[in-house]
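What follows is calculated from the coordinates using simple rules that are stated; it is not laboratory data. Remember, predicted model here, so these are calculated numbers, not experimental data.
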Amino acid sequence: MAEARVTPPRAIDPAYPADLEAIVMKGLARDRDQRHPTAEALRHELEVFARRAELHLSNLALSRLMSQLFTEELVPWYRARDSGRTLEEHVVGETLRSKPAIDTVPEGRPKRGRSHKRARVQWAIRIAVVLALFGATYLVARWWLAPPPITAGSRSG
């Protein structure tokens, strides 16, 4: 995170909700003290945003949006699922295939040390960023797919 350069979402899409951008940018702040203290705090802030934005949250709507946005990326998972693998088995298999978690020394024992610790911290940061982005994407999807609120002027009868 300390070296990441994050473009604020509103710089890309001016219609992106300012309140949501503030939450996302706080989650991606360089300075650890500027970020949410816990994942629970981030979740709470996202839920407050969703309530204020009157987002109608449904698993089905999010699932459909994610399937539309990530069609190509989901193909390997669909194949794995159709062959009887669980999502956990698929993710672990893909992760191990792309990069081993730790190196081994010739005797077969795990090599541990400063580089191993750094690698673990980097993976933890990557996971945190992915979760924060997924949460933000989830809420944006809800905001985007939510039906317009019913107002006194829009009711018929």
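Taking every alpha-carbon pair in region 1-96 and binning the separations at 5 Å intervals from zero gives 2, 10, 13, 15, 18, 17, 16, 8, 1 percent.
Compared with the alpha-carbon gap, the fully stretched path from Arg97 to Leu133 is longer by 10.6 nm at 0.36 nm per residue.
Hydrodynamic radius of region 22-65 by the Kirkwood approach over all distinct alpha-carbon pairs: 11.8 Å.
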